[in-house]
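Q: The structure is given below, and queries will be raised subsequently.
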Amino acid sequence: MIKINENYLKLQASYLFIDIARRVQAFQAAHPEREIIKLGIGDVTHPLPDACIRAFHQGVDDLADARTFRGYGPEQGYAFLREKIALHDFTARGAQVAADEIFISDGAKCDNGNIQEIFAQDVRIAVPDPVYPVYVDTNVMAGRTGSARDGRYEGLVYLEGTRENGFIPALPCEPVDLIYLCYPNNPTGAVITREQLKAWVDYARENRALILYDAAYESFIRDPALPRSIYEIEGAREVAVEFRSFSKTAGFTGTRCAFTVVPKDCMAYDGTGERHAVHALWNRRHGTKFNGVSYPVQKAAEAVYSPEGQAQARALIDGYLENASLIRREMGALGFYCVGGENSPYIWVDGRRDSWAFFDLLLNDAGVVCTPGAGFGKCGEGYIRISAFNSRENVEKAMGRIRSALMK
Ligand code: MLT
């Protein structure tokens, strides 16, 4: 008799975005005449930058020619891409990261989900609330929690983000070992200042904790005073792993390319207190379970760092940021308190009612899909998240429909 991993039975409902897609599908089946505008899941809608497309084609052509053909690439990624990332995303901005500390992968979601495997079963884990569900669910699957009670899993430390603290949680009052942070934040769109991030780095250094810093949305930061990488903070190399993605930066959600930075100074401990380099552990895990991202995709990602690629990727993000600012302005004008949408593609709206009820209202009366805040945790109740990933035309139409629906 084959037995299952019973930790899966503890998981609450299905993965949030699958649940939403199912509801939208049911609505569409019942109302085939209604046109739906999706501002729910943060999936990009604009095509890849032209520079990436050209490099992608060239990568495919290379595979068609015996002289340039490549089979398996290095599991950690091609040097041509790792070197560009180290230079443009880190050293040029004053953060010390070497090319061989960068691990290319097929997604920040996968890396965020997989990294927990290299830590002990009994590490004490702190997650934000509201939270990107992957941080929680992967630890539930791994058996690091008890059951869910009243929307929270036993054994996790929840770092509460509220309107009062601007969705930047306070440092934990109880000891924790592994801390998940995400800025610009998914789902709230809140951003963290250098001083606030420094407090977390200092906490991790004092407590021999490790920060898993999800910076998938860093390219939306336009305020030069805000940190774009945790490694801009002194001492972070010893206590932080950072996750980045080309998904939102350059429209790679369907193409798949991301990377994780594991500095060689970053240490974790065995049962006797002996130090071990997290880099070596992650390298071992990556080499065993992953065979690298395809060569043409890495060529396409490399083109993000060419002068045209930089300009085109920036223009893409500028377009989404203009949408974000429109959404924030419109929802604000309707009297809703909003966070985010300034250095982030997400606008977090206090709906002043049950968040699934607000989701249903917007779907039924405006034909607009958002994401109910309750799906991100207890502190998300009462909020919805609106994503700026769509065309300007659709965002304008969606805002007009929301206005009519709420004012009727
Ligand atoms: C979201 O909508 O929160 C994101 O699309 C999730 C993701 O990138 O996996």
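The values are calculated or read from the model by the stated rules, or taken from the named source; none is laboratory data. If you're wondering where the values come from, they're calculated on a predicted model, not measured in any experiment. All Cβ positions, even for glycine, are placed from backbone atoms using ideal geometry, and neighbour counts span all protein chains on display. Accessible surface is based on the protein model in full, side chains and every heavy atom, while ligands, DNA and RNA are left aside. Shrake-Rupley method; radii C 1.70, N 1.55, O 1.52, S 1.80 Å.
Yes/no matrix, rows are residues, columns are (1) at pLDDT below 95; (2) over 19 Å from the mean Cα position of the chain (by Cα):
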{"position": "113", "(1), (2)": "no, no"}
{"position": "121", "(1), (2)": "no, yes"}
{"position": "125", "(1), (2)": "no, no"}
{"position": "131", "(1), (2)": "no, no"}
{"position": "134", "(1), (2)": "no, no"}
{"position": "149", "(1), (2)": "yes, yes"}
{"position": "159", "(1), (2)": "no, no"}
{"position": "170", "(1), (2)": "no, yes"}
{"position": "173", "(1), (2)": "yes, yes"}
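Q: In this structure, is residue 164 modelled with pLDDT under 95 and over 23 Å from residue 5 (Cβ atoms)?
A: No.
Q: Kindly establish whether residue 308 is among the acidic types (Asp, Glu), buried (at least 20 other Cβ atoms within 10 Å of the Cβ), touching a helix residue (DSSP H, G or I) at 6+ places or on another chain (Cβ under 7 Å) and outside any loop (DSSP other than H, G, I, E, B).
A: no
Q: Just need a number here: residues in the stretch 125-146 that are in contact with a strand residue (DSSP E or B) (Cβ under 7 Å, 6 or more places away or on another chain) and either in a strand (DSSP E or B) or surrounded by fewer than 18 Cβ atoms within 10 Å (Cβ to Cβ) (or both).
A: Number of matching residues: 6.
Q: OK, next. Being open to solvent by 60 Å² or more (accessible area, probe 1.4 Å) and either over 12 Å from residue 297 (Cβ atoms) or not assigned by TED's automatic domain parsing to the domain that holds residue 293 (or both) is the filter here; which residues of the stretch 59-72 pass it?
A: 61, 64, 66, 67, 69, 70, 72
Q: With respect to residue 220, determine if the residue is within 16 Å of the ligand (Cβ to nearest atom), touching a Phe, Trp or Tyr at 6+ places or on another chain (Cβ under 7 Å) and in contact (Cβ under 8 Å) with a residue 40 or more places away in the chain.
A: Values: within 16 Å of the ligand (Cβ to nearest atom): yes; touching a Phe, Trp or Tyr at 6+ places or on another chain (Cβ under 7 Å): no; in contact (Cβ under 8 Å) with a residue 40 or more places away in the chain: yes.
No, not satisfied.
Q: On to the next question. Which one of these is touching a helix residue (DSSP H, G or I) at 6+ places or on another chain (Cβ under 9 Å) and either open to solvent by 10 Å² or more (accessible area, probe 1.4 Å) or among the aliphatic types (A, V, I, L, M) (or both): 172, 184?
A: Numbers: 184 fails: either open to solvent by 10 Å² or more (accessible area, probe 1.4 Å) or among the aliphatic types (A, V, I, L, M) (or both).
The conditions single out 172.
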